[in-house]
Amino acid sequence: MKNTKGQMDFSRRKLMKFGAGFLGTATLASVLGINLTNSKPAIAQNELTCDQALAKLMEGNQRFIQNKRMNPHQSLEYLQSISEEQKPFAAMLGCADSRLPLEAIFDQGFGDLFVVRDAGNVATEEETGSLEFGTLVLGAKVIMVMGHYGCGAIKATLQGEEVPGTIGSILAQIEPAVKDFQGQQEDKEALKKATEANVKYQVNKLKQSSVLSELIAANQLKIVGGYFNFKTGEVTVVS
Ligand SMILES: [Zn+2]
């Protein structure tokens, strides 16, 4: 990265526009009027505790499984009512798989979830930064890292063959988490265990963020793993 002064100032200005910058967490917190060590709410914070936010997700998933979806917050009228401000109660790092629409799985709508997705739900720098924004600035109280049944990114990593383009950069992020399962991509049980191992690995990677770990220490955030079963529609917490 070439950090000439001009580029740095530009990036910093851009980031400051949405409330974050190349500042220490403490400075950032004071800019935003938050005292992280004092458990004071972040700006635009919802009223939920971390446990309540997680429970709200799991209740929504139960409604989905039981065919009792309420489809909340999905009208144009609701979108208009929150057009100037968002207060998502939960944030997600989910796989990009087309069978993982998180609002549907958790029976939520506009403004409820701050969602980051990529193949293999890997916590790269950009994903981590996005989740710092979703929690510190927007006030999401829980981050769920979500893996799923039959994940292609995990399978490809276990297979270990050469892949085209820049796909390998994703597999490289998963590799350290699943090395015990190398070559077992056809074994469904091993694939599930590898997927869960990757979820835990990415959760731990997120916890290395100073912003996220300070929020956790201040009881403003919980980071959990999840696994979505395509056969049952159920999300189980991976711990
Ligand atoms: Zn996947």
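Take every Cα pair under 8 Å in the range 136-218 that's 6+ residues apart, average their separations, divide by the length, and report that relative contact order as a whole percent. Spell out each step's value before the answer.
Details: 69 pairs, mean separation 28.7, N = 83.
After rounding, I find 35 percent.
Got a sec to turn the phi values of the range 213-225 into Karplus ³J(HN,Hα) couplings, 6.51 cos²θ - 1.76 cosθ + 1.60 with θ = phi - 60°, whole Hz, x for Gly and Pro?
Residue by residue, the range 213-225 yields 5, 5, 5, 4, 4, 8, 6, 9, 7, 10, 10, 10, x Hz.
Between K179 and Q208, with labels modelled 7 Å along Cα→Cβ, what's the label distance in nm to one decimal, could you check?
1.4
Apply the Karplus parameterisation 6.51 cos²θ - 1.76 cosθ + 1.60, with θ equal to phi minus 60°, to every residue of the range 140-157 and state each ³J(HN,Hα) to the nearest whole Hz, in sequence, with x for glycine and proline.
4, 9, 9, 10, 10, 8, 10, x, 7, 3, x, 5, x, 5, 5, 4, 4, 5
Would you order D97, D118, D187, D112 from fewest to most other beta-carbon atoms within 10 Å of each residue's own beta-carbon? Could you put the intermediate results ahead of the total?
Values: D97 21, D118 17, D187 13, D112 25.
Ascending Cβ contact count within 10 Å gives the list D187, D118, D97, D112.
Using Cβ contacts closer than 10 Å as the measure, can you line up T124, T232, T166 from fewest to most?
Values: T124 16, T232 10, T166 7.
So the residues, fewest neighbours to most, are T166, T232, T124.
Quick one: V237, V116, fewest Cβ neighbours within 10 Å first, how do they rank?
On the way: V237 13, V116 22.
Ordered by Cβ neighbours within 10 Å, fewest first: V237, V116.
Count the DSSP beta bridges whose two residues both fall in the range 24-238, then state the antiparallel fraction as a percent rounded to the nearest 5.
Values: 4 of 22 bridges.
If I count the DSSP bridges inside the range 24-238, around 20 percent turn out antiparallel.
What GluC sites (Glu not before Pro) does the range 68-104 have in DSSP loop regions with at most 16 other beta carbons within 10 Å? Mind showing how you got there, number by number?
Numbers: sites: E77, E84, E85, E103; in loops: E84, E85.
Taking the range 68-104 and a limit of 16 other Cβ atoms within 10 Å, the loop GluC sites (Glu not before Pro) found are E84, E85.
Ordered by residue, what ³J(HN,Hα) values in Hz, to whole numbers, does the range 226-235 give under the Karplus form 6.51 cos²θ - 1.76 cosθ + 1.60, where θ = phi - 60° and Gly and Pro are x?
Residue by residue, the range 226-235 yields x, 10, 9, 9, 5, 6, 10, x, 8, 9 Hz.
Readers should treat all values here as calculations from the given coordinates under stated rules, not as data from a laboratory. Because the structure is predicted, anything quoted here is derived from the model rather than measured. Positions of Cβ are backbone-derived with ideal geometry, glycine not excepted, and every protein chain shown enters the neighbour counts.
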